[in-house]
Amino acid sequence: MSWIDIGALEEIAPRGARVVKTAFGCVAVFRTETDEVFAVSDRCPHKGGPLSDGIVHGNKVTCPLHNWVFSLETGEAQGADEGQVPTYAARVEAGRILLDATQLQARAVA
Amino acid sequence: MKQKLVVIGAGMASGRVLERLFEAEPDAYEVTLFNAEPRGNYNRIMLSPVLSGDKTYEEIVTHDDDWYAENGVTCRFGEHVVGIDRNRKVVIGEKGEVAYDKLLLGTGSAPFIIPVPGKDLPGVITYRDLDDTEKMIEAAAKGGKAVVIGGGLLGLEAAAGLKERGMDVTVLHLMGHLMERQLDPSAGYLLRKDLEGRGITVMTQASTSAILGEDKVEAVLLEDKTVLEADLVVMAVGIRPETRLATDAALEVARGVEVNAQMITSDPDILAVGECVEFDGQLFGLVAPLYDQANVVAQTLLAEPAAFVPKELSTKLKVTGCDLFSAGDFAEGEGREDIVFRDPARGVYKRLVLEGDTLVGAVMYGDTADGSWFFGLIKDGTDISEMRETLIFGPGFQGGAQADPLAAVAALADDAEICGCNGICKGDIVAAIQDGATDLGAVRATTKASGSCGTCTGLVEQVLAVTLGDDFVMPAAQPVCGCTDLTHEDVRRLIKAQELKSMPAVWQELGWKSSDGCHVCRPALNYYLLADWPVEYIDDPQSRFINERKHANIQKDGTYSVVPRMWGGMTTPDELRAIADAAEKYNVPTVHVTGGQRIDLLGVKGEDLPDIWADLNKAGMVSGHAYSKGLRTVKTCVGKDHCRFGTQDSTGLGIQLEKALWGSWTPHKVKLAVSGCPRNCAEATCKDIGVICVDSGYQISVAGAAGMDVKETESLTDVATEKEALEIVMAMMQIYRENAKYLDRIYKWVGKVGLDWVKEQVVDDLENRAALVERFLLSQSVYQKDPWAEHVAERAETYRPIANLTLEAAE
Ligand code: SRM
Ligand SMILES: Cc1cc2nc3c(=O)[nH]c(=O)nc-3n(C[C@H](O)[C@H](O)[C@H](O)COP(=O)(O)OP(=O)(O)OC[C@H]3O[C@@H](n4cnc5c(N)ncnc54)[C@H](O)[C@@H]3O)c2cc1C
Ligand code: SF4
Ligand code: FES
């Protein structure tokens with residue numbers, strides 16, 4: 001893995017998200033109430049809703065367009081809905097948010 | 001021959017090293033011990049009991065003069081080490097050099113001082129050693145006001161001690177809840193409540209901008225311009241490893257002095273231990289890991305193999321009566337699952353975090369008896385699959401009590417108001433039940449509770465259930481969401497009756513089943529709290545739907561629409577020009593004249609929002625809140641200025657109404673219209689609130705609809721003057737704001753409580769009308785501001801990507 005620093009944890013509100021632009025589209029980076037970070041694709045598999053604009057509760061997010069709920073850990077749709085959003089490795093070190101560059105590039109090639 | 005060991009710092013970590021060393025091989029080393037403090041080793045963590053007066057300094061000394069003498073330690077207390085010469089292998093003290101074969105750094109940490117003006121004034125102190133403690137005790141003897149900056153472990157222990165000694169104490173904390181590193185918001189809420197219960201004032205999200213005073217501290221100035229008088233200021237905002245000597249000696253230093261698992265620094269003859277070290281990117285601020293390090297240091301010094309392994313930590317607060325415990329990692333994470341237990345009546349909150357079949361974290365408040373048992377399960381990684389169902393009840397109680405859905409009502413005090421309309425408290429209802437009123441009808445007949453607007457019916461039924469037990473069968477009611485068994489109406493009444501003013505307060509006192517709610521309950525709670533406590537509650541954007549968080553309407557392709565206000569449907573050539581310019585500049589694909597008499601710019605990119613708003617602001621326009629559960633539009637017709645039938649200035653009244661009501665948040669959206677005569681060109685009779693002008697004045701009607709339902713308004717009252725019309729409308733807004741269920745439009749809500757009740761409150765009872773208007777205006781004094789301007793000024797950055805990796809790829 002090669003980690004890239006994308007910004008400070010403080011730049012994302014608790015229970016909030018910001019996007020990272022990549023060559024293949026936006027990745028939504030979430031910060032939970034308890035300061036965990038998760039990165040998933042910003043496109044809802046239902047109809048492309050921007051997940052970064054959803055409400056974050058626990059380690060889940062609710063899509064702003066039609067309220068599908070996704071696990072930020074696995075990317076899986078919860079409850080009756082079926083779908084999966086790609087997830088990416090993310091972590092916080094010394095107050096900085098790090099994403100796995102190799103994974104992001106792998107996706108770009110795929 | 002004995003080797004020479006020099007130790008810098010007589011702290012808790014190095015003290016433990018020496019104990020271990022002398023126990024194992026008393027003759028291996030000849031020790032010289034430097035300490036900047038003019039005393040030997042004492043139990044630093046017991047300074048808080050010294051501060052509160054429960055212990056004396058003598059009681060917390062760990063190594064006295066005899067001990068040092070017996071072990072042949074040369075003590076150089078009260079002497080700072082000023083340098084290390086690694087070439088000559090000598091340590092330079094203020095009073096002379098000492099040669100070493102092995103050197104141990106145990107310099108601990110230095111308190112962090114926030115760099116604000118006034119930080120050096122006399123009366124501003126930190127909390128680290130005995131001298132600080134004595135200064136606090138001395139200051140407290142004079143009484144007066146103390147401000148403690150920092151709501152972590154140290155700050156709160158200082159606050160409790162100073163309070164115990166009779167000072168008037170305020171704690172300022174930058175984050176949203178106390179001890180955020182160790183506690184989650186729910187536990188933080190209970191801690192705050194306990195501290196407040198003992199008379200300590202707690203202010204969260206409080207950022208200090210300066211400490212004021214001439215030749216000693218007099219006050220603390222906050223960023224929001226609040227000034228707090230202070231005779232003493234304690235800074236307890238964190239610590240920083242004391243690494244100056246190591247840095248000067250060119251040892252490898254990151255945030256702390258870097259060591260390997262043998263506790264050896266980048267120089268093989270120099271070891272380090274305690275809070276000054278950094279191991280594997282980690283710093284240490286509690287004694288448990290320092291003691292583990294100390295054992296390793298002693299072994300390394302004796303050339304025995306040993307390796308330091310950081311373990312899970314647990315935290316307790318040494319403030320009597322604040323019973324908290326946290327251990328392990330209770331953050332949400334990959335494959336993790338929460339078990340939450342709340343007992344509102346006893347003020348108990350427990351949360352366990354599971355990962356697969358093991359427990360990885362625990363936070364508890366109020367009842368921490370099982371803390372060490374849970375901590376053991378965490379450290380040992382015990383498989384808990386067998387006891388999962390009952391785990392939260394602890395080792396002694398594997399029987400399994402179910403959380404009681406009526407707990408919140410059972411916990412209510414007798415003087416908690418259940419029926420707001422008639423001022424009936426829980427105690428009145430219980431008394432009536434005990435006198436034989438055993439069903440809703442009888443309670444209503446004897447007490448009037450739930451006999452007016454009826455929104456407290458659910459609660460009255462719950463009081464019946466709690467009082468009568470199995471003799472009363474609760475009708476099934478629709479709870480807010482899966483996080484609670486209570487209905488919206490119950491939650492609203494309980495927020496008022498129990499004066500719940502934060503989201504964690506609601507979760508805890510009403511026994512929420514999740515740790516931080518969900519997308520269904522959070523927006524509703526956020527609304528209820530801000531409507532009931534406009535001054536105390538701080539709006540939580542993260543609990544709002546995206547439209548209200550970003551102040552624009554999200555569209556199906558993820559772009560947004562922007563609708564500036566056009567007061568009463570009026571505009572000017574300048575405004576139109578500014579809108580046209582903005583539409584061109586930001587490539588707005590669609591410009592539409594809305595059904596609400598204004599102009600919608602559709603298809604704006606999220607990251608352009610702050611810029612387009614700034615442009616529209618410059619032309620004098622503010623947000624039209626076209627996205628809000630709040631005031632939308634006040635449509636008007638041209639009225640008597642132009643129209644041959646117009647009776648009053650309908651446009652003017654519409655503008656006045658919009659200017660009075662804009663910015664207010666409501667349970668659902670609110671739309672008004674004012675027509676100049678009964679021909680009703682503004683369609684006032686299908687709005688939430690409509691005004692028809694007539695020769696004799698203004699006919700005000702409410703509860704219309706023209707969306708999914710179409711419904712004509714019903715007459716509320718007729719008034720003679722604009723002033724009265726404004727009052728009635730504001731009172732109507734407020735009664736709706738205070739009572740309706742989230743997402744009920746006015747017509748739905750009036751359908752539930754009855755128009756007669758609304759008339760009584762808003763029209764007939766003049767005193768009540770005035771009180772409603774007053775509360776509306778209070779709320780407006782907080783919330784009536786243009787969110788666009790605010791976001792442009794303060795949070796424009798959050799609308800943009802946090803990083804752009806496409807640029808890097810291109811490079
Ligand atoms: C822009 C506008 C249509 C237009 O171009 O004219 C509009 C657009 C939307 N309306 Fe509307 N409504 C608009 C006037 C109306 C009107 C007419 C009026 O206000 O006089 C009505 C009927 C009157 C009423 O509200 O009772 C109306 C009844 C609704 C409803 C049904 C409400 C109901 O309680 O039955 C919804 C759905 C909802 O709110 O839950 C809705 C929801 C919406 C939303 C917000 C749908 C959504 O949630 O995304 C649309 C946003 C489009 C966008 O992306 O910007 N819109 N909508 C109008 C904006 C008015 C303004 O200037 O603010
Ligand atoms: C009020 C208070 C309450 C606490 N409560 C708890 C608790 O409940 N639980 C818990 O686990 N931890 C608690 N702690 C933290 C705990 O006390 C520390 O983690 C521990 O004391 C650190 O030990 P140390 O040996 O690294 O440093 P210290 O104990 O700070 O010792 C370092 C010593 O080095 C000396 N020194 C520094 N530089 C020089 C120099 N150049 N020359 C000579 N001497 C020097 C200093 O004067 C100091 O005496 C508390 C701390 C405080 C202040
Ligand atoms: S009528 Fe329906 S489609 Fe048209 S704007 Fe209103 S909500 Fe959207
Ligand atoms: S686009 Fe996300 S739920 Fe429909």
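The values are calculated or read from the model by the stated rules, or taken from the named source; none is laboratory data. What you are looking at is a predicted structure, and each value in this text was computed from that prediction instead of being measured. Glycine gets a Cβ as well: all are built from the backbone with ideal geometry, and neighbour counts include every protein chain shown.
Limited to region B:721-749, what total is found for residues that are among the polar types (S, T, N, Q) and within 35 Å of the chain's Cα centre (by Cα)? Total meeting the criteria: 2.
Residues that are of a type in the set (D, E, K, R), in contact (Cβ under 8 Å) with a residue 24 or more places away in the chain and over 20 Å from residue B:524 (Cβ atoms): does region B:738-758 have at least one? Scanning region B:738-758, I find no residue that is of a type in the set (D, E, K, R), in contact (Cβ under 8 Å) with a residue 24 or more places away in the chain and over 20 Å from residue B:524 (Cβ atoms), so the answer is no. Scanning region B:487-500 for residues that are in a loop (DSSP other than H, G, I, E, B) and either touching a helix residue (DSSP H, G or I) at 6+ places or on another chain (Cβ under 7 Å) or of a type in the set (Val, Ile, Thr) (or both) gives B:487, B:498, B:500. Residues in region A:70-110 that are at the interface with chain B (Cβ under 10 Å from one of its Cβ atoms) and of a type in the set (Ser, Thr, Tyr): A:71, A:74, A:87. A Cβ distance below 7 Å, combined with a sequence gap of six or more or placement on separate chains, defines the contacts here; from region B:627-644, residues that are under 30 Å from residue B:559 (Cβ atoms) reach residues that are near ligand 1 (Cβ under 10 Å from one of its atoms) and assigned to a helix (DSSP H, G or I) in the pairs B:627/B:547; B:635/B:569.
Of the residues making up region B:546-586, those that are part of a loop (DSSP other than H, G, I, E, B), buried (at least 21 other Cβ atoms within 10 Å of the Cβ) and of a type in the set (D, E, K, R) number 1.
State which residue is farthest from the other protein chains (Cβ to nearest Cβ) when the search covers only region A:1-24 and only residues that are within 13 Å of residue A:90 (Cβ to Cβ) and in a loop (DSSP other than H, G, I, E, B). The qualifying residue farthest from the other protein chains (Cβ to nearest Cβ) is A:1. For region B:502-538, the tally of residues that are assigned to a loop (DSSP other than H, G, I, E, B) and either in contact (Cβ under 8 Å) with a residue 40 or more places away in the chain or within 27 Å of residue B:745 (Cβ to Cβ) (or both) stands at 17.
Need a quick list: strands (runs of 3 or more DSSP E) entirely within region B:284-392 having at least 3 residues that are in contact (Cβ under 8 Å) with a residue 24 or more places away in the chain, of a type outside the set (Asp, Glu) and within 23 Å of residue B:151 (Cβ to Cβ). Spell out the reasoning first.
Details: elements: B:324-328, B:336-343, B:348-355, B:358-365.
In region B:284-392, B:324-328, B:348-355, B:358-365 are the strands (runs of 3 or more DSSP E) which contain 3 or more residues that are in contact (Cβ under 8 Å) with a residue 24 or more places away in the chain, of a type outside the set (Asp, Glu) and within 23 Å of residue B:151 (Cβ to Cβ).
Can you list the strands (runs of 3 or more DSSP E) found entirely within region B:587-667 that contain at least 1 residues being within 16 Å of ligand 2 (Cβ to nearest atom), of a type in the set (S, T, N, Q) and out of contact with any Pro (no Cβ under 8 Å at 6 or more places or on another chain)? Full working, then the answer.
Numbers: elements: B:590-593, B:599-604, B:631-636.
Counting at least 1 such residues, we get no strands (runs of 3 or more DSSP E) at all.
Within region A:55-69, residues that are more than 7 Å from every other protein chain (Cβ to nearest Cβ) and over 13 Å from residue A:79 (Cβ atoms) have Cβ atoms under 8 Å from residues that are away from ligand 4 (no atom under 12 Å from the Cβ) and among the aromatic types (Phe, Trp, Tyr) in these pairs: A:61/A:30, counting only partners at least 6 apart in sequence or on another chain. For region A:25-44, does any single residue satisfy the condition of being more than 7 Å from every other protein chain (Cβ to nearest Cβ) and more than 13 Å from the chain's Cα centre (by Cα)? Within region A:25-44, not a single residue is more than 7 Å from every other protein chain (Cβ to nearest Cβ) and more than 13 Å from the chain's Cα centre (by Cα).
Counting only residues that are out of contact with any Asp or Glu (no Cβ under 9 Å at 6 or more places or on another chain) and surrounded by fewer than 24 Cβ atoms within 10 Å (Cβ to Cβ), how many does region B:683-703 have?
Within region B:683-703, the subset out of contact with any Asp or Glu (no Cβ under 9 Å at 6 or more places or on another chain) is B:683-684, B:687-689, B:691-692, B:695.
Adding the requirement that they be surrounded by fewer than 24 Cβ atoms within 10 Å (Cβ to Cβ) leaves B:683, B:695.
Looking only at that region, the number is 2.
Scanning region B:774-802 for residues that are away from chain A (no Cβ under 14 Å) and in contact with a strand residue (DSSP E or B) (Cβ under 9 Å, 6 or more places away or on another chain) returns B:779, B:783, B:786, B:787, B:788, B:789.
A quick yes/no check of all residues on (1) farther than 24 Å from residue B:687 by Cα; (2) at pLDDT below 95; (3) away from ligand 1 (no atom under 12 Å from the Cβ):
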site: B:498; (1), (2), (3): yes, yes, yes
site: B:581; (1), (2), (3): yes, no, yes
site: B:591; (1), (2), (3): yes, no, no
site: B:598; (1), (2), (3): no, no, no
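Screening region B:224-247 for residues that are without any contact (Cβ under 8 Å) to a residue 24 or more places away in the chain and under 23 Å from the mean Cα position of the chain (by Cα) and picking the one that is nearest to residue B:119 (Cα to Cα) gives B:227.
Within region B:62-85, the only residue that satisfies the criterion of being modelled with pLDDT of 95 or more, of a type in the set (Val, Ile, Thr) and outside any strand (DSSP E or B) is B:73.
Can you find a residue in region A:38-59 that is at pLDDT 95 or above, in a strand (DSSP E or B) and away from ligand 4 (no atom under 16 Å from the Cβ)? Looking through region A:38-59, at least one residue is at pLDDT 95 or above, in a strand (DSSP E or B) and away from ligand 4 (no atom under 16 Å from the Cβ). Only a single item in (1) within 16 Å of ligand 4 (Cβ to nearest atom); (2) charged (D, E, K, R); (3) away from chain A (no Cβ under 14 Å) is not met by residue B:575, and it is number (1). Regarding region A:83-94, can at least one residue be identified that is within 16 Å of ligand 4 (Cβ to nearest atom) and of a type in the set (Asp, Glu)? No; the residues of region A:83-94 include none that is within 16 Å of ligand 4 (Cβ to nearest atom) and of a type in the set (Asp, Glu). Counted as qualifying within region B:707-797 are the helices (runs of 4 or more DSSP H) with 3 or more residues that are surrounded by fewer than 15 Cβ atoms within 10 Å (Cβ to Cβ) and at pLDDT 95 or above, namely B:766-783.
Does region B:223-274 hold any residues that are acidic (Asp, Glu) and crowded, with 18+ Cβ neighbours inside 10 Å, and which are they?
So the first thing to find is which residues in region B:223-274 are acidic (Asp, Glu), and the list is B:223-224, B:229, B:231, B:242, B:248, B:252, B:258, B:267, B:269.
Passing the criteria: B:231, B:242, B:258.
When we screen B:736, B:747 for residues that are among the aromatic types (Phe, Trp, Tyr), more than 14 Å from chain A (Cβ to nearest Cβ) and in contact with a Lys or Arg (Cβ under 6 Å, 6 or more places away or on another chain), the only hit is B:747.
So, residue B:543, is that one buried (at least 23 other Cβ atoms within 10 Å of the Cβ), out of contact with any Ser or Thr (no Cβ under 8 Å at 6 or more places or on another chain) and either among the β-branched types (Val, Ile, Thr) or facing chain A (nearest Cβ under 8 Å) (or both) or not? Write out each step before concluding.
On the way: buried (at least 23 other Cβ atoms within 10 Å of the Cβ): yes; out of contact with any Ser or Thr (no Cβ under 8 Å at 6 or more places or on another chain): yes; either among the β-branched types (Val, Ile, Thr) or facing chain A (nearest Cβ under 8 Å) (or both): yes.
So residue B:543 fits the description; yes.
Of all residues in region B:8-27, those that are touching a strand residue (DSSP E or B) at 6+ places or on another chain (Cβ under 9 Å) and not in a helix (DSSP H, G or I) total 4.
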